[in-house]
Structure formats: structure tokens, C-alpha cells
Amino acid sequence: MKKQNNFTDIYSYFILKKNINERMMKKIFSLLRVDTTFMTTSFNRMIDVNIILKKYIKKYFSKKIVVCDFAVSSGQSTLELFFDLNKDKIKELYGFDKKINITIYQVGKFIFLYSSKDELLMVEYNKNCLRYRYFFLLKLVEKILPNLFNKIYLFDIINIKLKKTKLLIPNLDEIKELKFFEQDIFNIDKKYFNFFDVVRVSNLLNYSYFSETKLKKAIANLKKITKENSIILVNRTPNNTKKNTASFFIKKKGKFKLIEDINGGSEIKELML
Ligand SMILES: C[S@@+](CC[C@H](N)C(=O)[O-])C[C@H]1O[C@@H](n2cnc3c(N)ncnc32)[C@H](O)[C@@H]1O
């Protein structure tokens, strides 16, 4: 069997905010696990669906719109969405994900990447990713380190560097319309109820990730955050092809109505209706 190369460089990516190529971005994000999902993403995987979404925005909206991209991972596909749609039509584009805010600790050649809830998302040693869940010791470290790191005097004894940053590609903050926040699709903040004209959910609401009960809960929340007459796109990019299975909906009288399927439609379209 071919040995998997787990080379990563999360330090340059998230601390130095260096622009890194697609291969590196795919590698790092596919190693990051969030509950039952991975943060796997790649460049230009939504071109086909974005073209159709642009068509519907032109058809249904005359004023500037507020858009939501749920489950953004690195933010790369959110950036592409901004440029693929008519950006003069976008008032604000919100990128939501369960994990965005992170703390990185550097101890010698070790880098520990923690979520805002102190879950250990990745450990890198000398640019190699350690799959921490296989290591008993690192599992122990996961629980102990955030507390230890919070004791300031330790920073004086061992040379620990700490940086609070975001799990996003560099330079997204240069576009004023783009805003990224942590939101859980199963528990969305009330301030976003009846807020969005357009919502896209890509590669999250899949049967392989969640039970039908959980998918229904997420869909009920999508109904809460969308306005009447809003457009909703749910899609999946199978096996990293760029041919999405997708369904487009319009919200009428509080219900989602199917307007178009491509490549057979979304696997959860029956649940949406
Ligand atoms: C496979 S990635 C998809 C990324 C991007 N949409 C794309 O298609 O390239 C799944 C994303 O869903 C996020 N996620 C997982 N559970 C979530 C939840 N409950 N609420 C919001 N985002 C979640 C993960 O953090 C990850 O970034």
C-alpha cells in the first residue's frame, strides 16, 4: 500500500497567512475533522451551480441581496461564489461554519491547533500532521494542554507561542462584503432569522454525514433564516468531480418549492419539500 504523505504546513497557512496553492489547501483541510464531517474542499468545484444561481438572482431580485454560504471550510468556495455571482448585486455575503475561530500554540517543532471550544483539531510536528486520535499520549494532551496553556507562567518556563486566528484562507478580509462567523446549522443564532435572500449549502447536508432526523432539523433552520421568496441551493460534489448533484428551491408561503434539479438533484430534496 502506498504510504500516505501527511506533510502539512499549518503554521505558514494560518499564522503567517501565506498564500498557499490548491494542493496544500486540499491537504490541510481534508485532515481537519468536524464531528462526522471533514473540512475537505477544493478550487472551482461549484462553477456549474453558481452559473444557475446567478441566473435565478437576475430573475428574482432587482435590489442588492444578502447571501449566506453555509459550511465554508477554508472560505475558498465562498470567495468564488462572490466572484461567480454578479458582485454588484451583493450587499453582504455571510460565510458560516461550525469551526472558524482557532487558537494555535507553538511549542518547539510542535504546533497544536485548537477550536474555539478547546477541541484539538490537528497536531503538526516538524510540518508533519500527527493523526492525534491514534496516539494515546496526544489524546491525553488534548484535555490537559488548553488548561496548562492558560496558565501564563508556563509561557515563561517553556517557550510557547500562541496565536488566535481564523481557519480561513488569507486575505478574505480585504473584501468588505464578506463576513465569516461561527454558526452551527443545527442551532443558528436568532439574529439571522428571516435574514437571507439567498442561501447555499454545499457538501454538508448529506445522508453519509447525518441522520434523517438531523437533516430535517437543519432544513427547519434553513426555513427560519430565509426570507419569503428567497432562493436556496443545496448541492453535493461527488468524489471531487466538478459535476454537482443539486436542487434549487424558492421559498413561497413559508415552504420550499423546487425550481430546478441538476444531475438528478440533491439527495435530500424530498426532505426539503
Ligand atoms: C465537506 S466540507 C464542505 C466545504 C465547502 N462547502 C465545499 O463544498 O467545498 C463540510 C463543512 O461543513 C462544516 N460543518 C460540519 N458540521 C457543521 C455544522 N453543524 N454547522 C455548520 N457547519 C458544519 C465543516 O466544518 C466543513 O467545513
Need the full-extension length gain, Asp118 to Thr103, defined as separation in residues times 0.36 nm minus the C-alpha distance. One decimal, nm. 4.6 nm
Which pairs break 18 Å Cα to Cα here: Lys26/Lys269; Lys216/Lys257; Lys223/Lys251; Lys64/Lys190; Lys179/Lys214? Lys26/Lys269; Lys64/Lys190; Lys179/Lys214
Principal-axis tilt of helix 47-60 within the chain, Cα atoms, nearest 10 degrees: 50 degrees
FRET efficiency for Ser62 and Asn194, using Cβ-Cβ distance with R0 set to 30 Å, rounded to 0.05: 0.95
Counting DSSP beta bridges in the chain, what percent are antiparallel, to the nearest 5? 65 percent
Can you give the local net charge around Asn21? Use residues other than it whose beta-carbon is closer than 13 angstrom to its beta-carbon, Lys and Arg +1, Asp and Glu -1. +2
What length, rounded to one decimal in nm, is gained on full extension from Asn263 through to Glu228, with 0.36 nm per residue of separation minus their alpha-carbon distance? 9.9 nm
Going toward the positive end of the dipole of the chain, with +1 on Lys and Arg Cβ and -1 on Asp and Glu Cβ, which of Leu258, Tyr192, Phe70 do you reach last? Leu258
Please sort 70-83, 206-219, 99-112 by packing, taking for each peptide the average over its residues of neighbouring beta carbons within 10 angstrom, highest first. 70-83, 99-112, 206-219
Just to confirm my numbers, what's the Cα centroid distance between the stretch 190-217 and the stretch 242-273 in Å? 12 Å
So the angle from the long Cα axis of helix 136-149 to the longest Cα principal axis of the chain, reported in degrees to the nearest 10, equals 90 degrees
Quick check on the chain: helices-only [θ] at 222 nm, where DSSP H runs of length 4 and up contribute -39,500 (n - 2.57) each and the sum goes over total residues. Nearest 500, please. -7500 deg cm²/dmol
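Rule-based calculations on the coordinates, nothing more; no lab input. Remember, predicted model here, so these are calculated numbers, not experimental data. Quick reminder, even Gly has a Cβ in these numbers, built from the backbone with ideal geometry, and neighbours come from all protein chains shown.
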